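J.: The following block contains the structure, expressed as C-alpha cells.
Quick note: the coordinates plus some simple rules give every number you see, no bench work behind them. Worth saying up front: this structure is predicted, and the values here are computed from it rather than measured. With ideal geometry, Cβ positions are generated from the backbone for all residues, glycine too; neighbour counts draw on all protein chains shown.
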Amino acid sequence: MADLEIRPAGKDDVEAMWRIARQPAIVAGTLQIPSLRLTQRQRRFDDLTDDDHLFVAERHSEILGVADLHVHDRRRRHAGDLGIAVSTAHQGKGIGTALLAALIDLADNWIGLHRLELQVYAGNAAATRLYEKHGFQVEGTLRDYAWTDGAYVDALFMARIRPAGTKVSETFVPAEGQAGMGSSDSAP
Ligand SMILES: CC(C)(COP(=O)(O)OP(=O)(O)OC[C@H]1O[C@@H](n2cnc3c(N)ncnc32)[C@H](O)[C@@H]1OP(=O)(O)O)[C@@H](O)C(=O)NCCC(=O)NCCS
C-alpha cells in the first residue's frame with residue numbers, strides 16, 4: 001500500500017487506536033471487550049514503560065493499524081510478547097505484514113531480543129498465516145484460553161527464535177504490491 005508509514009504511536013493516536021480496538025472483528029481476535037472506554041485506553045497509554053513499544057500504521061493522516069511489543073524482565077529479558085490489529089476495512093492489503101516487519105526489525109536489530117512470542121486464537125487463519133510466514137512456529141495449544149462471544153476458545157502459543165546472523169532486511173521481502181516499512185525513508 002503506497003504512502004503507508006509505520007511510526008511510533010503518540011498520545012494523539014489513542015482515540016484512533018481505541019476505535020480500531022472496538023471493531024467487532026478486532027474484539028473477536030484479541031482480548032479486548034466491547035465496553036472498552038477511551039479513558040481506559042488513555043490510561044494504558046500513560047502507563048506504558050520503556051519496555052513497551054507501540055507502532056501505528058498511518059496513511060494520509062488515518063490510523064489503519066496498531067502493533068505492540070512488550071519486552072519481559074529479569075531472566076526473560078531476551079523475550080517479548082507482541083500483538084497486531086488492523087482496521088477491518090483495510091485488512092488483506094499488507095498492513096499487518098508491514099507492522100510485523102517493524103516489530104521484528106526492532107526486536108532483531110535494535111533491542112536485541114532472542115525470542116518473540118504471541119497468542120493467537122485457534123481458527124484465526126489470517127493471523128496464523130501472517131506469523132508463520134515470518135518464522136513463528138506453533139509451540140502448543142492453550143486450552144479454553146479466553147471467553148469469546150459466549151464460549152471458551154483455545155489459543156495457539158506461537159514463538160520465533162531470532163535466526164542466527166541474519167537481519168530482518170534479509171528475511172523479510174514484501175510481496176508484490178505490499179507495503180514496505182514506511183519509516184525507513186524518513187530516518188535521519
Ligand atoms: C491478523 C491481521 C493483523 C492481519 O493483518 P492484515 O493487514 O490483514 O495482513 P496482511 O494483509 O499483511 O496479510 C498477511 C497474510 O495473511 C493472509 N490472510 C489475510 N486474510 C486471510 C484469511 N482470511 N485467511 C487466510 N489468510 C489470510 C494474507 O493472505 C497474507 O498472507 P499472503 O501474503 O500469503 O497472502 C488482521 O487480520 C487483524 O487485525 N485481525 C484481527 C485482530 C487479530 O486477530 N490480531 C492478531 C492477534 S495476535
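J.: Applying 1/(1 + (r/R0)^6) with R0 = 25 Å to the Cβ-Cβ distance of Ser35 and Ala151, what FRET efficiency is obtained, to the nearest 0.05?
T.: Working: r = 19 Å, r/R0 = 0.75.
The pair Ser35/Ala151 has a calculated efficiency of 0.85.
J.: Per-residue ellipticity at 222 nm for the chain, helices alone: DSSP H runs ≥ 4 residues times -39500 (n - 2.57), over residue total, nearest 500 deg cm²/dmol?
T.: Details: 6 runs with 47 residues, N = 188.
Only helices count here, giving -6500 deg cm²/dmol.
J.: Under a point-charge model restricted to the Cβ atoms of Lys and Arg (+1) and Asp and Glu (-1), what is the dipole moment magnitude of the chain relative to its Cα centre, in debye to the nearest 20? Walk me through the numbers on the way to the answer.
T.: Details: 21 positive and 26 negative charges, 74 e Å.
Here the chain has a charge dipole of around 360 debye.
J.: Starting from the amide H of Asp154, placed 1.01 Å from N in the peptide plane, find each other amide H under 5 Å away whose residue is 5 or more places distant or on another chain.
T.: Ala122, Asp144, Tyr145
J.: While we're on this one: Amide H of Gly83: which non-local residues (sequence gap of 5 or more, or other chain) have their own amide H closer than 5 Å, using H built in the peptide plane?
T.: Placed amide hydrogens put Asp68 under 5 Å from Gly83.
J.: Right, next: For the charge dipole of the chain, defined by +1 on Lys and Arg C-beta atoms and -1 on Asp and Glu C-beta atoms about the Cα centroid, which residue among Leu100, Ile6, His90 has the Cα displaced farthest towards the positive pole?
T.: Positive-end residue among those listed: Leu100.
J.: Sticking with this structure for a sec: Using the alpha carbon gyration tensor of the range 1-138, what are the three equivalent-ellipsoid semi-axes (square root of 5 times each eigenvalue), largest first, in whole Å? Before the final figure, lay out the partial values.
T.: Details: eigenvalues 90, 66, 51 Å².
Three semi-axes, in Å: 21, 18, 16.
J.: Further, regarding this structure: What is the Cα coordinate range of the range 48-96 on the first, second and third principal axes, sorted by size from largest, in whole angstrom?
T.: 40, 20, 12
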